[in-house]
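All remarks here apply to the structure that follows.
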Amino acid sequence: MAGWTSRGHRLGIAAFAAGLAVLPALLPNEYYLTVLIVAGFHTILTLGLNLLMGYAGQISLGHAAFYGIAAYTTGILTARFHWPVPAGIAAGLALVLLVSAGIAVPTLRLKGHYLAMGTLGFGIIVYIVLNEATDLTGGPSGLTGIPKLGLAGVTIASDLHVYYVVWGAAFLLFLLAQNLVRSRLGRALRAIHTSETAAAVLGVDTERYKIGVFILSAVYAGVAGALYAHYVTFVSPGSFGFHASVQFVTMVVLGGMGSLWGAVAGAVFLTALPEVLRAIEDYDILLYGGLLILCMMFLPGGLAEGAERLARGVRVLAAGRTPAASGRTR
């Protein structure tokens, strides 16, 4: 917990909060605000997935399923059974918690690519159910009529208010994740990532910690999915398939595994990049793939590593110029 007392860490958190607060005022139009809202959903999910992959070293190719379970649960309950929005969201998160606990116990006995295949299979099953249960989910056509976010009868309709709700949730979940990784639990997760056998020998209950972080990361995905459903007011299976899971894993890897700041950077970068490249109609996919390849070649540690290199270079330059400047003064 010592990290919380460091001046640099406090300044970083304060700058993050201040940036989120003033950013909407700097945007030229509401289109960019919409992109940032979607980036907020992805940030919440990627923070949880980074806890699982970057800190515990467990691979999941099925987190889009938890994203979809929460979205469809709250969507069905609020649109078809007229539940209040907070109750629908709570039910969605409860179902995600139960399903993730049921999946974690047998799946996390697997390791490496076997674990990846197990979570991939779960994701495919959920995708098929969403497509085939047409009476409940609407099937491939999707589920419509989901109400907007609201609390105590007050609807949160404007994109600006939704932005503050989504990024407020992302900020709080970021603080929770920061607190976790600096705690005894975080140290245990890093030990499991380094060597599960060595961690077990040292007395770490590896199975309990792996199950716990898997459930927590799934709940993060559930929060993102529930907020997403009540923002777009429509959900369809295509948003929660294998492609989405791969995209979320890419966000974690590109941002920097084992870095929560990297999770934020990766989610925002890969959400905004397709929008930036949309103007290059015929070559956007090629350029998108090329940029990802270049990032992985020259920044294997992700965007977080790139930021650290840049900061180190600035410090070296500042340190190198100080004696020369003082020498000229003399």
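Each value in this text was obtained by applying a stated rule to the coordinates, not by laboratory testing. Please read these numbers as outputs of a predicted model, since none were measured by experiment. Glycine gets a Cβ as well: all are built from the backbone with ideal geometry, and neighbour counts include every protein chain shown.
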Can you put Val96, Val181 in order of Cβ neighbours within 10 angstrom, beginning with the fewest? Val181, Val96
Post the alpha-carbon centroid distance, the stretch 265-323 to the stretch 23-39, in whole angstrom. 21 Å
Starting from the coordinates of the alpha-carbon atoms of the stretch 13-145, obtain the Kirkwood hydrodynamic radius over all distinct pairs and give the value in Å to one decimal. 17.0 Å
Work out which helices of the chain, taken as complete DSSP H runs, extend at least 18 Å along their axis over the Cα atoms and score a mean Kyte-Doolittle of -1.0 or more, then list them. 7-26, 30-50, 63-79, 85-107, 113-132, 159-181, 206-232, 242-255, 260-277, 284-298, 302-329
Value at 222 nm in deg cm²/dmol, rounded to 500, when DSSP H runs of n ≥ 4 in the chain each add -39,500 (n - 2.57): -25500 deg cm²/dmol
Proxy reagent accessibility, fewest Cβ within 10 Å first, across Asp282, Asp159: Asp282, Asp159
How do the peptides 30-41, 10-21 rank, highest first, by the average count of neighbouring beta carbon atoms within 10 Å per residue? 30-41, 10-21
Report the normalised scattering of the stretch 167-262 as log10 I(q)/I(0) at q = 0.13, 0.22 Å⁻¹, calculated by the Debye formula with identical scatterers on the alpha carbons. -0.58, -1.29
For each of Ser239, Ser245, Ser183, count neighbouring Cβ atoms within 10 Å of the residue's Cβ, then give the residues from fewest to most. Ser183, Ser239, Ser245
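Mind ordering 263-272, 84-93 by average Cβ neighbours within 10 Å, highest first?
Numbers: 263-272: 23.6, 84-93: 19.5.
Those peptides, ordered most packed to least, come out 263-272, 84-93.
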